[in-house]
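Q: Sharing a structure below in structure tokens format, with a few things to ask.
The values are calculated or read from the model by the stated rules, or taken from the named source; none is laboratory data. Here the structure is a predicted model, which means the values were calculated and not measured. Backbone-built Cβ (ideal geometry, glycine too); neighbour counts: all protein chains shown. Note: areas computed on protein heavy atoms with side chains; ligands, DNA, RNA excluded. Shrake-Rupley method; radii C 1.70, N 1.55, O 1.52, S 1.80 Å.
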Amino acid sequence: MADMTALIPLDLARRPKQLFQRVNKLVSTLTNAGIRVVVSHNDRCTRWDEKLKSAAKLLWGTNAILASGHLYDGLSNNAILRNHGFGEIKTNFLLLLDADIFPDTNLFFELFNSVHELKEPFAMAPCLYLTNNGSNKIQRENRPKELIEAYLNFQKQLTQHLASPSSVMVLWSTDFADIGGFNEAYSGHSYEDFDFMIRLALKKNVISFSQEMLVDKPYRAPLLAEGFRAMLSPLCFNWILKKKFALHLHHAKNRDEKYYSKRSDNSYLFNKKMRAMLDGNQENLSHKSPLWLANMFFETCYLYETDSSEFFALLDARPDFLDRGGRIWRSTRRSLRIIRNFFS
């Protein structure tokens, strides 16, 4: 077995059947490849929670642990789950995954080897989010390279967007402990991973304190990112140049669901935390000019003698529905959403 454990948070309050199926597939694939697994589970005592505990006993084997307990009520809290599961980690290296990540074990071992061989202090894979068709294709054919090449060639029917940075990471277990793990004040969707990544990157001296930490702007094109997302994105450059991306399987989203609406509260908390960090580090604070990230990427391509034209898709900021053919039903759905929001 590799000196690495995958830590997977799991709360079956939402999408229980899909997550149950995906986590079982993920555990099976990882353990068969020689990667230990800890699934940190919030037990709400539902039928699906009981099925999960039974599956863990009957199917998972000795190299997978279900760290199950009633940890909280209310919205899912990945920070609590990851911190709880970390108590079961016995290996020197930690692989952070979610249940929706496609089990590309070749990629995971490459990330592990890079950190184990001290080529980088931690490894962060850019993560390509798939459409439903893309998810079906990768699960049926298991050819990640084909989907990645299609994305880089502006063929977006199988993909949604590229997350760079992403929380698909391999790091030293001691570093997780040293920075205090994840901040459990975040609940619902997002920002606990950004908080963790920034603290880890600062500890390992791969980023420096900057006013960009206060700029929270989502992006359409990865190389046009600004703010803290742009600060972290160069940590993925080496994997982008190798065309090594993690793949995130599709799942339905209801933006009005409280899990997603909590994102604005998390954004406010994140900004508050970043301001507190900057208050004690006011010396030599930098502020980046627009397009610095794209310029840095092209300079990196030049340094490694890589043809930058292979990555022009990372500058493509067109809306997704245009990339996928502008289907009438997509346009209609967006129009109805705009009208609903106007009168709400």
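Q: For the range 275-330, what are the residues that are open to solvent by 80 Å² or more (accessible area, probe 1.4 Å), within 26 Å of the chain's Cα centre (by Cα), among the basic types (Lys, Arg) and at pLDDT below 90?
A: Result: Lys288, Arg318.
Q: Within the range 83-95, is even one residue under 18 Å from the mean Cα position of the chain (by Cα), without any contact (Cβ under 8 Å) to a residue 40 or more places away in the chain and surrounded by 20 or more Cβ atoms within 10 Å (Cβ to Cβ)?
A: no
Q: Mind checking which residues of the range 110-126 are under 17 Å from Ile35 (Cα atoms) and crowded, with 16+ Cβ neighbours inside 10 Å?
A: Glu110, Leu111, Phe112, Ser114, Val115, His116, Ala123 - these are the residues of the range 110-126 that are under 17 Å from Ile35 (Cα atoms) and crowded, with 16+ Cβ neighbours inside 10 Å.
Q: Select from the range 232-265 the residues that are assigned to a helix (DSSP H, G or I) and modelled with pLDDT under 95 and list them in ascending order.
A: Listed by number, the residues that qualify are Lys258, Tyr259, Tyr260, Ser261, Arg263, Ser264, Asp265.
Q: What are the residue pairs meeting all of these: first residue in the range 13-37, first residue at positive phi and touching a residue at least 24 places away in the same chain (Cβ under 8 Å), second residue part of a loop (DSSP other than H, G, I, E, B) and open to solvent by 50 Å² or more (accessible area, probe 1.4 Å), Cβ atoms under 8 Å, and 6 or more apart or on different chains?
A: Final answer for the pair search is Arg15/Ala252; Gly34/Met1.
Q: Failed condition for Phe20, given (1) more than 25 Å from Ser233 (Cα to Cα); (2) touching a Lys or Arg at 6+ places or on another chain (Cβ under 8 Å); (3) open to solvent by 50 Å² or more (accessible area, probe 1.4 Å), with all others met?
A: The number of the failed condition is (3).
Q: Return only the number of the condition from (1) of a type in the set (A, V, I, L, M); (2) touching a Ser or Thr at 6+ places or on another chain (Cβ under 8 Å); (3) over 30 Å from Glu146 (Cα atoms); (4) buried (at least 18 other Cβ atoms within 10 Å of the Cβ) that Leu59 does not satisfy.
A: Single failed check for Leu59: (4).
Q: Out of (1) at pLDDT below 95; (2) open to solvent by 20 Å² or more (accessible area, probe 1.4 Å); (3) touching a Phe, Trp or Tyr at 6+ places or on another chain (Cβ under 9 Å); (4) in a helix (DSSP H, G or I), the odd one out for Met213 is which?
A: For Met213, the exception is condition (2).
Q: Let me ask something else about it. For the range 173-206, give me each residue that is among the polar types (S, T, N, Q) and either at pLDDT 95 or above or open to solvent by 60 Å² or more (accessible area, probe 1.4 Å) (or both).
A: Hits for the range 173-206 are Ser173, Thr174, Asn183, Asn205.
Q: Pro144 fails exactly one of the following numbered conditions: (1) surrounded by fewer than 16 Cβ atoms within 10 Å (Cβ to Cβ); (2) in contact with a strand residue (DSSP E or B) (Cβ under 9 Å, 6 or more places away or on another chain); (3) not basic (Lys, Arg). What is the number of that condition?
A: Only one criterion in (1) surrounded by fewer than 16 Cβ atoms within 10 Å (Cβ to Cβ); (2) in contact with a strand residue (DSSP E or B) (Cβ under 9 Å, 6 or more places away or on another chain); (3) not basic (Lys, Arg) is unmet by Pro144, namely (1).
Table: residues versus (1) touching a residue at least 24 places away in the same chain (Cβ under 8 Å); (2) closer than 23 Å to Asn24 by Cα; (3) surrounded by fewer than 19 Cβ atoms within 10 Å (Cβ to Cβ); (4) among the charged types (D, E, K, R).
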residue: Ala99; (1), (2), (3), (4): yes, yes, no, no
residue: Phe108; (1), (2), (3), (4): yes, yes, no, no
residue: Leu128; (1), (2), (3), (4): yes, yes, no, no
residue: Leu158; (1), (2), (3), (4): yes, no, no, no
residue: Leu171; (1), (2), (3), (4): yes, no, no, no
residue: Ser208; (1), (2), (3), (4): yes, no, yes, no
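Q: If Ser40 meets every condition in (1) small (Gly, Ala, Ser); (2) in contact with a helix residue (DSSP H, G or I) (Cβ under 6 Å, 6 or more places away or on another chain); (3) farther than 27 Å from Leu107 by Cα apart from one, which number is that one?
A: (3)
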